[in-house]
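Engineer: Dropping a structure here in structure tokens format, bear with me for questions.
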Amino acid sequence: MRKLAERVERSFPLFLLRCSVVFFMALSLSCGEKGIGDPCLPEQVPEGGFDGNERYIESSSVQCRSRICLVYELEGDPRTPLGSPECGSNASCPTPDEVADRVFCSCRCKAPPGVNARTCSCPDGFTCVEDVLQDTGGDGIRGGYCVPKRLVGNEGT
């Protein structure tokens, strides 16, 4: 009986380790696309900031697991939000809430026809907006991207 107890005692940590690995693998498989919607700040910002009528993609963002930082119709420079010392009295500085809503990590959910590219599924609360760049950019970045539903109205799919 004592030998059985010692054997169980020695194997119990290994059993717990195996259970933990299986649990975390199952948990990771049940999650949607990771990092979509996480905050990011683009490294390159046009002089004078972004145009609120346009969308910008930074395709090598180290801040995003997907490597895609999307600026979606933000007016101004997200690095100098309203109230920051860098903004000063510039009325075109975005508010911190605007930056939080309109600058986020995304992923390509639809590639252009004829382009063989990796795509993702948009998580809950997001929709795939086709042609985010409105026919600009090369095949490497054109296509649909996940955007929060609250920003798109009837544009998403």
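Read-outs throughout are calculated quantities, based only on the coordinates presented, and are distinct from any laboratory measurement. Everything numeric here is computed off the predicted structure, so don't read it as measured data. Methodologically, a virtual Cβ is constructed for each residue, glycine included, from the backbone with ideal geometry; neighbour enumeration extends over all protein chains shown.
Engineer: Mind checking which of Gly114, Phe104, Gly88 is farthest towards the positive end of the stretch 55-152's charge dipole, using Cβ charges of +1 (Lys, Arg) and -1 (Asp, Glu) about the Cα centre?
Structural biologist: Towards the positive end, the residue furthest out is Gly114.
Engineer: How large is the convex hull of the C-alpha atoms of the stretch 55-152 per residue, in Å³?
Structural biologist: About 106 Å³ per residue, rounded to a whole number.
Engineer: Moving to a separate point now. Considering only the other residues whose Cβ falls under 10 Å of the Cβ of Ser59, what net charge follows from Lys and Arg at +1 and Asp and Glu at -1?
Structural biologist: Taking every Cβ under 10 Å from that of Ser59, the sum is +1.
Engineer: For the stretch 55-152, what is the charge dipole size about the Cα centre, in debye to the nearest 20, if Lys and Arg each add +1 at the Cβ and Asp and Glu each add -1 at the Cβ?
Structural biologist: 440
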